[in-house]
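The values are calculated or read from the model by the stated rules, or taken from the named source; none is laboratory data. On a predicted model such as this, the values are computed, not experimentally measured, just so you know. All Cβ positions, even for glycine, are placed from backbone atoms using ideal geometry, and neighbour counts span all protein chains on display.
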Amino acid sequence: MGMYLYCIVPAAHRPSSGLAGLDGGAVRAVDAGRLAAWVSTSPARPEPSPDSVRQHHAVVAGAASETITPVPVRFGEWFATEGSLLVRLREREQDYLRLLEHVAGAAEFGLRMLAAEPAGEAGAVRAAPAPGTERPAGGRAFMESLARRYAVRDAAAEQAERVGAELRAALSGRIRDERFEVGVTGRGSVNLVHLIEHADADLYREAVRVARRQFEDVRFLLSGPWPPYSFVA
Amino acid sequence: MQPALESEVALAELVNRVLDRGVLVTGEVTISVAGVDLIYLGIQLVLSSVETLERASAGRP
């Protein structure tokens, strides 16, 4: 019987009794040197669905404690045998130990931002189709459409950089790590992701509230705390 | 934000993380259904949620 992998934790960290994974399967720990993998029995690689994604995440979230933060595994990691899983874990043991240390005692927060609409461009930008679906009338129209899209993206990135700088200044070294992604919507969208210690979570939320007031023309979506999915990929 | 919108956004954020983030152990995971790359789908869901956020924000007093 195969096994489905949810996350990697320090050895001897055990799931609580009754913790269920995909399709209600009991979650157990498989030790591999200084690591343990949380798995459940599964006859085949599962199909993704909203429910299976939620079940996967519930196990990863269940592995988190004040001091231990799991290394989340991406959805779909299935092994035909326990031996094949152990081989993979031993091959990258040092990488996983380094990641466990990096994320210990911390959680991920996502700050998704929509930039202000450029003056006089809102209609044109909002009407811009998704990448790959544009059917401009001619070469010049295509280049103008592309230029607008890049301008929106660059403006959104600059605005998010300013928000990020304000947060870093307000939190004075309490942001352990940061990721920055620029989206491809017709309206500029930027995702700023921070790794924050549990003890600093309220300070972080307050800093975001202040930034929200300071940057009135930016729309914010704050989510978290999450297991550190974005800091182990 | 209305509960229904909040739930939609939360699912999109979750899908984006669980399908497109996290450590790869085998390096061979390919997730697709009926030929659709679900990682791409997850990203699209998040982009969709951004538009939802925009609508929700526009309705704020």
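In this structure, is A:ALA26 among the small types (Gly, Ala, Ser) and touching a residue at least 60 places away in the same chain (Cβ under 8 Å)? Spell out the reasoning first.
Working: among the small types (Gly, Ala, Ser): yes; touching a residue at least 60 places away in the same chain (Cβ under 8 Å): no.
Taking the combined requirement at face value, the residue does not satisfy it.
Restricting the search to segment A:191-233, which residues are within 10 Å of chain B (Cβ to nearest Cβ) and either modelled with pLDDT of 90 or more or under 13 Å from the mean Cα position of the chain (by Cα) (or both)? A:ASN191, A:VAL193, A:SER223, A:GLY224, A:TRP226, A:PRO227, A:PRO228, A:TYR229, A:SER230, A:PHE231, A:VAL232, A:ALA233, listed by residue number.
Considering segment A:48-60, and only residues there that are hydrophobic (A, V, I, L, M, F, W, C) and more than 17 Å from B:SER7 (Cβ to Cβ), the residue that is surrounded by the most Cβ atoms within 10 Å (Cβ to Cβ) turns out to be A:VAL59.
All conditions in (1) without any contact (Cβ under 8 Å) to a residue 24 or more places away in the chain; (2) over 17 Å from the mean Cα position of the chain (by Cα) hold for A:SER40, with the sole exception of (1).
Checked against (1) within 14 Å of another protein chain (Cβ to nearest Cβ); (2) surrounded by fewer than 15 Cβ atoms within 10 Å (Cβ to Cβ), A:ARG153 passes all but condition (2).
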